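So the structure is just underneath, and the comments pick up after that.
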Amino acid sequence: MTQSALHQILDYANRPNPYPIYEELRKTPVFHEDDGPYVISTYYEIRSLLHDPRISSDARNLTATTGGGPAEPPQEESALPPGFLKLDPPEHDRLRRMTNRPFGPPHSPHRVDGMREELHDIVSGLIDGIGDTGRIDLVEQFSYPFPVTVICRLLGVPREDEARFHTWADTLAASLDPDPDADPAGRGKGAHDARMQLGMYLAGLIEERRKNPGEDMLSQLATAKGGDGPMSTMELLSTAALLLIAGHETTVNLITNGMLTLLRRPDVLQRLREDPKLAVPLVEELLRFEPPVQLLPQRTTLADIEVRGVTIPKGASLWLVLASGNRDPQRFENPDRFDPDRRDIQHLGLGSGIHSCFGAPLARLEAQTALSELARRMENPRLLEDPPPYRQNAVLRGPRHLPIACDGIRP
C-alpha cells in the first residue's frame, strides 16, 4: 500500500468506487504509517476486534502518545455527554438496555413488525407524490423523507420540525468523517454548536412528554421506571439525539445504494418486481456489498493487542474498515459480485458485537419495503447519471443525489 493509503480512502475522487483501494489495503491487513491510526481491513480480524472487550468505543481512552488524536474528549462531546454508541460497558449496556425496552424484545417484541403497514403507507404516499417522472432525485424525493418520517413518528418528533434538525444532523454526521482537509477547530465548534442546539430542542420535547406522555419512544424513555431506574436528563438527551440522527442517516444511504445497485442490474430488479419476497435476502447482500457505514474510525485499544503479528499499543487509534471486510475473498466467494442468492451472508454491514446497529430490525424492514415497492411501481426506471454525485462523507457513504427517470408510476 502506498504512503497515501488513508488519503486515498478519504479522497472524494474515490467516493464512487473505493473498493479497489480496499482490495489493495487488504494486502496489509494491519496497516499503519507514521503517527496515523492502525487500519484493519480483513474480515476475520475486524469481526474478532468488534467482539474484543479490549477495544473501546470511548474517545476518552485515546492517548496523544499513540498518534490517534487528542487525549481530551472531542469538543463536540462537551455539549452533551456521549451517546451509548460511544460508551463502553457497563454504561453502554445499561443505556442500551433501557433504550431497547420501548423498541424491541423482550419488552416490546412487536414494535417494529407492527409498523409494516405504516411503512408501506409512507412509501406509497412518497411514490404517489413523485410527479414528473422525466427527472427524479430519488434522495430528495424518497430516500431521505422516508426514514425521516419513520423516525419522527417512532420517537414522537414533529415531522414539520425536520428543517430545523436537518442542518444539525448533517453537521454531526460530517463530524464522524476523518477528513484530512477539514479544519479541526472549526469543525469541532460546528459540531459542538449543533449538539447544543439539538439538545435544547429535544429538551423542550422531553419536557412536554413528561407532562403529557403518549405512545412514542420519547414519552416512554422520559417516564421509564424499569429495573435500571430512569435515565438522567443528560443521558436522555444524548440517547434521543443518537436515535434521531442514526435513525435516518444510515437508512438514507442503504436505500439509495440499494436502488443504484439494482438499476445497474436490470435482471435483479426484474426479479424483485416479480417476487417481492426476494427483498429479504437482497437487502442482506446489499448490506455486504454496499454497506451504508464504510468504516468505524473511532475505536481505541485498552491494552497492547497483537493482530496478525503486529502489536497495536494501548491507547492507539483503530480504524475498522467494514466495507473492506465485506469484500474479503478469504470470507466471501466472488466478493465483488452482487448475488442476492448468496448463502451464509454473515456480513459486517450492521457491525457486530455489543455495538451492532441498534436499529437494525427497522433499517432492514424500511429497505425491504422501499426497494420492493420502487421495483414494483416504477415503469422502466433508469439512471440519468452514473456514477451519481456522492456525499463528501467517507464513513457514511452514499449518493447525495440519485437522478433517475421512469416511464410512469404503476398504481
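The values are calculated or read from the model by the stated rules, or taken from the named source; none is laboratory data. Remember, predicted model here, so these are calculated numbers, not experimental data. When we count neighbours, we look across all protein chains shown, and the Cβ atoms used for this are built from the backbone with ideal geometry, even at glycine. Each accessible area value is taken on the protein alone, full model and side chains, heavy atoms only, with ligands, DNA and RNA left out. Shrake-Rupley method; radii C 1.70, N 1.55, O 1.52, S 1.80 Å.
Selection of region 297-306 for residues being in contact (Cβ under 8 Å) with a residue 60 or more places away in the chain and open to solvent by 10 Å² or more (accessible area, probe 1.4 Å) yields Pro297, Gln298, Arg299, Leu302, Ala303. Residues of region 205-248 that are in a loop (DSSP other than H, G, I, E, B) and either in contact with a strand residue (DSSP E or B) (Cβ under 8 Å, 6 or more places away or on another chain) or buried (at least 23 other Cβ atoms within 10 Å of the Cβ) (or both): none at all.
A count restricted to region 335-360 and to residues that are crowded, with 17+ Cβ neighbours inside 10 Å and in a helix (DSSP H, G or I) stands at 1. Can you spot a residue in region 238-250 that is in contact with an Asp or Glu (Cβ under 8 Å, 6 or more places away or on another chain), under 24 Å from Arg153 (Cβ atoms) and among the charged types (D, E, K, R)? Among the residues of region 238-250, not one is in contact with an Asp or Glu (Cβ under 8 Å, 6 or more places away or on another chain), under 24 Å from Arg153 (Cβ atoms) and among the charged types (D, E, K, R), which makes the answer no.
Inclusion of Arg376 among residues that are in a helix (DSSP H, G or I), within 18 Å of the chain's Cα centre (by Cα) and of a type in the set (Lys, Arg) is not warranted. If the condition is being in a helix (DSSP H, G or I) and either open to solvent by 10 Å² or more (accessible area, probe 1.4 Å) or free of Cβ contacts under 8 Å to residues at least 60 places away in the same chain (or both), then region 253-267 contributes Leu263, Pro266, Asp267. I need the full set of residues from region 85-96 which are under 27 Å from Gly190 (Cα atoms), in contact with an Asp or Glu (Cβ under 7 Å, 6 or more places away or on another chain) and not in a loop (DSSP other than H, G, I, E, B), in order please. If the condition is that a residue be under 27 Å from Gly190 (Cα atoms), in contact with an Asp or Glu (Cβ under 7 Å, 6 or more places away or on another chain) and not in a loop (DSSP other than H, G, I, E, B), then Lys86, Leu95 are the ones that fit.
Checked against (1) in contact (Cβ under 8 Å) with a residue 40 or more places away in the chain; (2) open to solvent by 40 Å² or more (accessible area, probe 1.4 Å), Asn393 passes all but condition (2).
Here region 100-124 is the region considered, the condition is being part of a helix (DSSP H, G or I) and open to solvent by 40 Å² or more (accessible area, probe 1.4 Å), and the residue that is nearest to Leu218 (Cα to Cα) is Asn100.
Return yes when Ser4 is without any contact (Cβ under 8 Å) to a residue 12 or more places away in the chain, hydroxyl-bearing (Ser, Thr, Tyr) and closer than 29 Å to Leu260 by Cβ and no when it is not. Before you say what the answer is, go through the steps one by one.
On the way: without any contact (Cβ under 8 Å) to a residue 12 or more places away in the chain: yes; hydroxyl-bearing (Ser, Thr, Tyr): yes; closer than 29 Å to Leu260 by Cβ: yes.
In short, yes.
Failed condition for Asn380, given (1) in contact with a Leu (Cβ under 7 Å, 6 or more places away or on another chain); (2) at positive phi; (3) open to solvent by 10 Å² or more (accessible area, probe 1.4 Å), with all others met? Unmet for Asn380, out of (1) in contact with a Leu (Cβ under 7 Å, 6 or more places away or on another chain); (2) at positive phi; (3) open to solvent by 10 Å² or more (accessible area, probe 1.4 Å): (1).
For Ser324, are the conditions met, namely being of a type in the set (Gly, Ala, Ser), open to solvent by 10 Å² or more (accessible area, probe 1.4 Å) and either touching a His at 6+ places or on another chain (Cβ under 9 Å) or within 26 Å of Leu10 (Cβ to Cβ) (or both)?
no
Would you check which residues across region 396-411 are open to solvent by 20 Å² or more (accessible area, probe 1.4 Å) and part of a strand (DSSP E or B) and list them? It would help to see each step written out before you state the result.
Residues of region 396-411 open to solvent by 20 Å² or more (accessible area, probe 1.4 Å): 400-401, 407, 409-411.
Correct list: Ile409 only.
Just checking, which of Thr251, Thr256 is in contact with a strand residue (DSSP E or B) (Cβ under 8 Å, 6 or more places away or on another chain) and either modelled with pLDDT of 95 or more or of a type in the set (D, E, K, R) (or both)?
Working: Thr251 fails: in contact with a strand residue (DSSP E or B) (Cβ under 8 Å, 6 or more places away or on another chain).
Just one listed residue meets the conditions, Thr256.
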